[in-house]
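Below is one structure, written out as structure tokens, with a few remarks after it.
The values are calculated or read from the model by the stated rules, or taken from the named source; none is laboratory data. Since the model is a prediction, treat every value here as computed from it, not as a measurement. Using ideal geometry, Cβ is built from the backbone for each residue, glycine included, and neighbour counts are taken over all protein chains shown. For the accessible areas, the whole protein counts, side chains as well, though only heavy atoms, and no ligand, DNA or RNA atoms are used. Shrake-Rupley method; radii C 1.70, N 1.55, O 1.52, S 1.80 Å.
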Amino acid sequence: MTTQTHPVDHELIEAAAQVARTRCRGDNHTMAAAARAQDGRIVTAVNAYHFTGGPCAELVVIGAAAAQGAYDLETIVAVGDLDRGVVPPCGRCRQVLLDYFPTLKVIVGQGDSIRSVPITDLLPESYVWADHQLDTE
């Protein structure tokens, strides 16, 4: 683990917090995520909870970004409803984020300890799916 931190994108946190405040209602939508694309735009989304397992907000934001033509995400953050603040990604999201965006920065922490860290710091000794695929050429 490198424990290298990067500048915190407070605009991104506020974008996710705004979506959490205004769009997360009830048990189906309890988390919001915001990601900054390489071109600077911010893409937001909410989770889609379902008892069979629904996608987390971070995974929904990947799809929303792709639908908008933003394929290179640089930074992501998730914020909980009911003013819970920044929430770190779950294990599944950490793996998917690493596989999609190996240089992604993730905003984690609370209060004075909010920081932006590489996704690789959140999944040390990780399995990188692409590294284990057969070369088809």
| field | Solvent accessible area, Å² - V117, 1.4 Å probe, full protein context | value | 10
| message | Helix 10-23 against the longest principal axis of the chain: what's the angle in degrees, Cα atoms only, rounded to the nearest 10? | response | 60
| Phi to ³J(HN,Hα) by Karplus 6.51 cos²θ - 1.76 cosθ + 1.60 over the range 105-119, Hz, x for Gly, Pro | 9, 10, 8, 9, x, 10, x, 6, 9, 5, 8, 10, 10, x, 4
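Could you work out [θ]222 nm for the chain from helices alone, using -39500 (n - 2.57) per DSSP H run of at least four and dividing by all its residues? Round to the nearest 500 deg cm²/dmol. Kindly include the intermediate steps, with their values, before the conclusion.
Values: 4 runs with 39 residues, N = 137.
About -8500 deg cm²/dmol.
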| message | Using only Cα atoms and rounding to the nearest 10 degrees, what angle (0 to 90) does helix 57-67 make with the longest principal axis of the chain? | response | 70
| message | What do you get for trypsin sites (Lys or Arg not before Pro) in the range 1-59 restricted to DSSP loop and a cutoff of at most 16 other Cβ within 10 Å of the site's Cβ? | response | R25, R41
| message | Not counting ligands, DNA or RNA, and with a 1.4 Å probe, what is D72's accessible surface area in Å² rounded to the nearest 10? | response | 90
| query | Expressed as an acute angle from 0 to 90° and rounded to the nearest 10, what is the orientation of the C-alpha long axis of helix 91-100 relative to the principal long axis of the chain? | reply | 60
| field | Y127 accessible area, assembled protein chains, probe 1.4 Å, Å² | value | 110
| Here are some values of semi-axes √(5λ) of the Cα gyration tensor in Å: (1) 23, 18, 15; (2) 25, 20, 14; (3) 30, 16, 10. Which one was computed from this structure? | (1)
| remark: Note to self: with every protein chain in place and a 1.4 Å probe, the range 19-137 gives an accessible area per residue in Å² of 56
| message | Please report the carbon-and-sulfur percent of the accessible area for the chain; probe 1.4 Å, protein heavy atoms only, DNA, RNA and ligands left out. | response | 53
